[in-house]
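Nothing in this text is a laboratory measurement; each read-out follows from the coordinates by a stated rule. Note that the structure is a prediction, hence the values are computed from the model and not measured. Every residue, glycine among them, receives a Cβ derived from its backbone with ideal geometry; neighbour counts consider all protein chains shown.
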Amino acid sequence: MVSFYDELKDRTNDFLLSCIGCGNCMKVCPISESSNMVIKNLNTATSSPENTPLPESIIEFTHKCFQCGLCNDVCPTNSHREEMMLLLKSKLQSTLPKEYHNKLALKGQNLGFVKNIKQKFAKNKDILGPLLPHYEKRNLKECDTLFYFGCYMLSPTEIQHNTIIIANKLGIDYEILGGLKYCCGMPHYYAGQIDNSEIMHIELLDAINKVNPKVVITSCAECYEALKNLQRKMGASFQPMTTTEWILKNINNLQLKKLSDKVMFHESCIYKRKENMREHGPEVIRKVADLKEFQNIKSANLCCGNLRCDHDPEGLSTLHDKKLQAAKTTGKMCVECVHCWENFADDASRHGITLTDITTLVVNALIDKSEGLEQPKEARPKEIFEGEN
Amino acid sequence: MVHYVIIGNGIAGITAAETIRKKDKKNRITIITNENYQSYFRAALTKYLRGDFDEENLQLKPLKFYEKQNIGMINKQVTKVIPETNQVVLEGRGLVKFDKLLIASGASPVTEAWPCGDLNGIHVLRNLDDAKKILTKARVHRRVVIVGGGILGIQAAEALHRLGNRVTMLVRGKEIGWPVIDACVARKLSTRMTNAGIDIRLNETVKEFRGKDQSVTDVKSTKGKIYKTNLVVIAIGVKPNISFLTGSGIGIDEGILVNDHLQTNHANIFAAGDCVQFKNPALLQYEDRRSWFPAAKMGETAGQNILEENIAFKPGVYSSFTQLFGIPYAFIGNFNPKVSLKERKEYRLIHLGCKTGIKHKAIVLKNGRIVGASFFGERTNADLFKKMIDKEMNIDLFAKRLFDPMFDLKSLFIEKKPEPEETIEESSFSSTAE
């Protein structure tokens, strides 16, 4: 198997060669620094060997890039500027801002710092609720269906609980894998720590192989990409599935009523641009609620910015404003991925927009909710996460 | 000390120089060029023409790149190459001695011997000087005739139209862009261009130019029509720059003949870029290779082979990813194959959105294997289709589902684990032997 880093390097080399310097990528880039970027400097920086001194402006821009992939759509040669930026980021590890380190240090079986995990766990313990026995569980049973919750088990969303409600409703046998220890490694990948990411992929595959599942279901776009990587590159035999896809597959077995909600749908960058799975979300929403399209395409494409790992939050907030302004037509925005929810939560409440997600919509649309593990509650505020480290 | 000499400062030449410099830090590299500029993004010239950015953004490498990389430059025209004595003859009696030579002299535009074809105001569009000349005139003159309906012609028409000119396009064929734009897209595109105000004349080309005071005033077409104009841009194709090699002993035909290692008939002379013609015609069709990415890739491979790494050039199928009139467009593989009536049964065309809207997708199958694809308007998965065409994947069973947005294309490329059956067979085999 070719290592992740070599694969990225090979692909990026071809992109660099095919670049014709039109500058379209920098014109659509949502990051404000992009207007000062010149393609020749960026390309030379990307192809330069590691530890070459680079101008401050390029370093700053690189760490602000959150891989949304808007640049890919406008490239006349169909190259991926975001992957070139990722390679540059991996070469600039020595200058990685501390926000990245703070976020990444928590995760992974051997890479995470035990102390930090304990602190974070203590703060977020009540979020787990009925999932507490499954947190970083070691004795996993063999099962056909595995819910892989990864690090979002500690997330303040309701997505993980709702998934279990739906699973109980369907009456299937399942196993749950989750916790900071079982991180998929994609946050590290997108922060440029590509070798670390590969180690975590291998560790994750070992954990999943204990369960020996046929399908692995997750609600996080990054986790889904990691599962796909395991399937494509490491020869895993299971079928990765997003929660949305899984719901869509079983939608006839769920008794659903149609809600009166009018919702806008925020697409995840990874599902949309990297995995080409843009149809599942709207399909499910159309079944349970009224789907409204974003009118202004430019703001509709804006990303939640999760892959920047909380670096430069003010800049991100101004970007969110554009998107949320466009969502005000219905006042309700639905997301598919856990991280989109986490990143939009604060700004949405500031704009007075109700943030919801597909699993919540489905659970609300259930005619008979009695068999569920727990009734869906209003999502908890994000404050629980703040003040760490 | 080894002296590497590179003729040509285009993308092939500069990529080769960079590739050599990455691995060989001390030996001498010299680039000989007849242009007075640092190398620039030639493929973005139409963008420059449109006024999207200035000359600084057009440059390929930052300032002082050549000094930093220790690459020497000679700004002169090469008149001759003498392989026997390893020498390059420059214009005005200069001589450069080389140990390894790379010829990346590129191509120049084709013109025909039209009457009065040398009048002022008649231009080709190939290098920065041409673009500058056209730009100064396009700001003054308000009527432009573009000869040729290829991708360059379309992009030049778009750029000059944006600058406020009245543009007439003379297209020799019955559709614009044949054969690198599929017929359905050509129709959609020409409707769009006509609506924008560009006058497209099909089945028509130049018969003669007429002028007054050494400047062009009229174009007379083969249909006998007369178009008043002050500026003519000719974009009917390119031919390799190989005239300086005639009689040198280096094998040439339409281009410089090379093997799949980009080596000419002399072991220490290589060629890359638009000037190349491959000896193995099955490997590469010569017309298909003249674009930016293959040139860059050839430059890289030639650089590696000059360092004796022995790497074969793998081109993959022809593909053209570009934007026509602001709409993304992808054209991959052999979409418009020349087939006789007998062979016609083997081919199958599947298309979506041909009659409605602007978006269009189509694939061509030959005996169930995908050989070509064309995307217009949206091309999210175009790179995956290129992969499929490269592998000549047999997709007969699910061809119709390929355009279904729910269909997971990436799942086609999953490399499956080797089946354990083989080992079982072996063991059973050995047990019977016992």
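Using each residue's phi in the range A:276-287, evaluate 6.51 cos²θ - 1.76 cosθ + 1.60 at θ = phi - 60° and report the 3J(HN,Hα) Karplus result to the nearest Hz, with x for Gly and Pro.
6, 10, 7, 8, 5, x, x, 4, 5, 4, 4, 6
Based only on other Cβ atoms within 10 Å, what is the fewest-to-most ordering of A:Leu132, B:Leu101?
Lowest to highest Cβ neighbour count: A:Leu132, B:Leu101.
Roughly what % antiparallel, to the nearest 5, for the DSSP beta bridges in the range B:73-171?
Around 60 percent antiparallel, to the nearest 5.
To the nearest whole number, what is the average tally of beta carbon atoms from other chains within 10 Å of the beta carbons of peptide B:42-50?
3
State which entries of B:Lys61/B:Lys97; A:Lys27/B:Lys391; A:Lys262/A:Lys322 exceed 23 angstrom in Cα-Cα distance in the structure shown.
Going by Cα-Cα distance, B:Lys61/B:Lys97; A:Lys27/B:Lys391 fall outside the 23 Å limit.
Can you list residues whose amide H is under 5 Å from B:Ala107's amide H, if they're 5+ apart or on another chain and H is modeled 1.01 Å from N?
Excluding prolines and chain starts, which carry no amide H, the hits are B:Asn241.
Whose amide H sits under 5 Å from the amide H of B:Leu90, counting only residues 5 or more places off or on another chain, with H placed in the peptide plane?
For B:Leu90, the qualifying residues are B:Thr79, B:Leu95, B:Val96.
Report ³J(HN,Hα) in whole Hz for each residue of the range A:82-89, in order, from the Karplus equation J = 6.51 cos²θ - 1.76 cosθ + 1.60 where θ = phi - 60°; Gly and Pro get x.
Computed from phi, the couplings for the range A:82-89 are 5, 6, 5, 5, 5, 4, 5, 4 Hz.
Could you check what % of the DSSP bridge pairs in the range A:256-377 are antiparallel, to the nearest 5?
Beta bridges within the range A:256-377, antiparallel portion: roughly 10 percent.
For the range B:1-125, build the charge dipole from Cβ charges (+1 Lys, Arg; -1 Asp, Glu) around the Cα centre, then report which of B:Gln87, B:Thr33, B:Thr46 sits farthest towards its positive end.
B:Gln87
In peptide B:313-325, how many Cβ atoms from other protein chains are near each Cβ within 10 Å, on average?
Mean partner-chain Cβ count within 10 Å for B:313-325: 2.
Relative contact order of chain A, please, whole-number percent, based on alpha carbon pairs below 8 angstrom and at least 6 residues apart.
Value for chain A: 17 percent.
What list of ³J(HN,Hα) couplings, whole Hz, do you get for the range B:36-46 from phi and the Karplus terms 6.51, -1.76, 1.60, once you set θ to phi - 60° and write x for glycine and proline?
Ordered by residue, 3J(HN,Hα) equals 8, 10, 5, 5, 9, 6, 5, 5, 9, 4, 5 Hz.
Amide H to amide H under 5 Å from B:Arg28: which residues, 5+ apart in sequence or cross-chain, H placed 1.01 Å off N in plane?
So B:Arg28 has HN proximity to B:Val2, B:Tyr4.
Can you find, among A:Pro156, B:Ser248, B:Gly149, the residue sitting farthest towards the positive end of the charge dipole of the protein assembly as shown, where Lys and Arg contribute +1 and Asp and Glu -1 at Cβ?
Of A:Pro156, B:Ser248, B:Gly149, it is B:Gly149.
Taking chain A as a Gaussian network, where each spring joins two C-alpha atoms under 10 Å apart, which residue of A:Cys184, A:Cys334, A:Cys19 fluctuates the most?
Largest GNM mean-square fluctuation: A:Cys19.
For A:Lys258, B:Lys100, B:Lys61, B:Lys80, which order do you get if you count the other beta carbons within 10 Å of each Cβ and list the fewest first?
A:Lys258, B:Lys80, B:Lys61, B:Lys100
Rounding to the nearest 20 debye, state how big the charge dipole of the range A:4-95 is about its Cα centre with +1 on each Lys and Arg Cβ and -1 on each Asp and Glu Cβ.
In total the dipole reaches around 180 debye.
Would you list B:Glu67, B:Glu204 from fewest to most Cβ contacts within 10 Å?
Ordered by Cβ neighbours within 10 Å, fewest first: B:Glu67, B:Glu204.
Name the residue from A:Cys337, A:Cys269, B:Leu125 whose Cα lies farthest towards the positive end of the charge dipole of the protein assembly as shown, charges +1 on Cβ of Lys and Arg and -1 on Cβ of Asp and Glu.
Towards the positive end, the residue furthest out is B:Leu125.
For B:Arg166, put the label point 7 Å out on the Cα→Cβ axis and report which residues of the range B:197-213 keep their amide N under 14 Å from it.
Answer for the range B:197-213: B:197-200.
With everything on Cα atoms, drop me the angle between helix A:4-18 and the longest principal axis of chain A, reported from 0 to 90° to the nearest 10.
Taking the Cα atoms of chain A, the angle to A:4-18 is about 50 degrees.
Express the relative contact order of the range A:1-115 as a whole percentage, based on alpha carbon pairs under 8 Å and six or more residues apart in sequence.
For the range A:1-115, the relative contact order is 29 percent.
Let me spell out the model: positive unit charges on the Cβ of Lys and Arg, negative unit charges on the Cβ of Asp and Glu, origin at the Cα centre of chain A. What dipole size does that give, in debye rounded to 20?
380
Considering chain A, what Rg and Dmax in Å follow from its alpha-carbon atoms?
20.6, 63
Quick check: net charge around A:Leu87, other residues with Cβ under 14 Å of its Cβ, Lys/Arg +1 and Asp/Glu -1?
-3
Treating only the Cβ atoms of Lys and Arg (+1) and Asp and Glu (-1) as charged, compute the dipole magnitude of the protein assembly as shown about its Cα centre; round to the nearest 20 debye.
2880
What does the structure give for A:11-21 when I average, per residue, the other chain Cβ atoms found within 10 Å of the residue Cβ?
6
For chain B, what relative contact order do you get, as a whole percent, if you take Cα pairs closer than 8 Å and at least 6 residues apart?
Relative contact order, chain B: 14 percent.
What fraction of the DSSP beta bridges in chain B is antiparallel, stated in percent and rounded to the nearest 5?
Within chain B, antiparallel bridges account for around 55 percent of the total.
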